[in-house]
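Encoded as structure tokens, the structure appears first; notes follow it.
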Amino acid sequence: MAQRYATALFELALEANAAASVEADLDRFDKLLSESSDLTRLVRSPVFSAEEQGHAITAVLDQAGIGGLASQFLKAVTRNRRLFAVRDMIAAFRTLSSRQRGEELASVTVAEPLSEVYLEEVRRTLREVTDKDVKLDVKVDPAIIGGLVVKLGSRMIDTSLRTKLNALRQAMKEVG
């Protein structure tokens, strides 16, 4: 479902020659979601009616200065009771935009925010592997404790400390 919505929006954005501005607006909305537990609760909870979600989303979009096609899309998603999947839709839209530009999109999860120096090192390494420009979608998840998890297309590399500790715990159980 998320892919269908993202594809429809992407095609509309291409027709309107507005793919870059739509992507920027969706990125801004996604950032708001990652920074606000209240907004996340509104988006994910089935307790709120479509009308309540619609009023709240309209206010958030107005406050954030998100308009045009992205605003229309988010409001339609809300009316259709699909707001719970909006982050997947945004991720799918990013992937389509990246492909259009000839980039690879990599999802990188880290325990704490990385400096620009480290981000550039990750980009450079992934560029060497793919022979393409790589756009990073960085998420912070303290639960991984340390290291990072990289998803690039269908490949995933998990060097998180959490995974290593779980493997060690499992190995200790098998020995004992």
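When restricted to residues that are more than 13 Å from F29 (Cα to Cα) and within 19 Å of the chain's Cα centre (by Cα), the range 70-91 contains 5. Among the residues of the range 131-176, write down those that are of a type in the set (S, T, Y) and surrounded by 14 or more Cβ atoms within 10 Å (Cβ to Cβ). Those that are of a type in the set (S, T, Y) and surrounded by 14 or more Cβ atoms within 10 Å (Cβ to Cβ): S160, T163. Taken across the range 124-141, residues that are farther than 15 Å from F29 by Cα, assigned to a helix (DSSP H, G or I) and within 19 Å of the chain's Cα centre (by Cα) do occur, with at least one present. Only one entry of L105, L69 meets the criterion of being touching a strand residue (DSSP E or B) at 6+ places or on another chain (Cβ under 9 Å) and among the hydrophobic types (A, V, I, L, M, F, W, C), and that entry is L105.
Selection of the range 72-84 for residues being touching a helix residue (DSSP H, G or I) at 6+ places or on another chain (Cβ under 7 Å), surrounded by fewer than 16 Cβ atoms within 10 Å (Cβ to Cβ) and part of a helix (DSSP H, G or I) yields R79, F84.
Checked against (1) small (G, A, S); (2) closer than 24 Å to P142 by Cα; (3) surrounded by fewer than 16 Cβ atoms within 10 Å (Cβ to Cβ), A91 passes all but a single condition, namely (3).
Computed from the coordinates by the stated procedures, all read-outs in this text should not be read as laboratory data. Remember, it's a predicted structure, so these values are computed and weren't measured experimentally. Backbone-built Cβ (ideal geometry, glycine too); neighbour counts: all protein chains shown.
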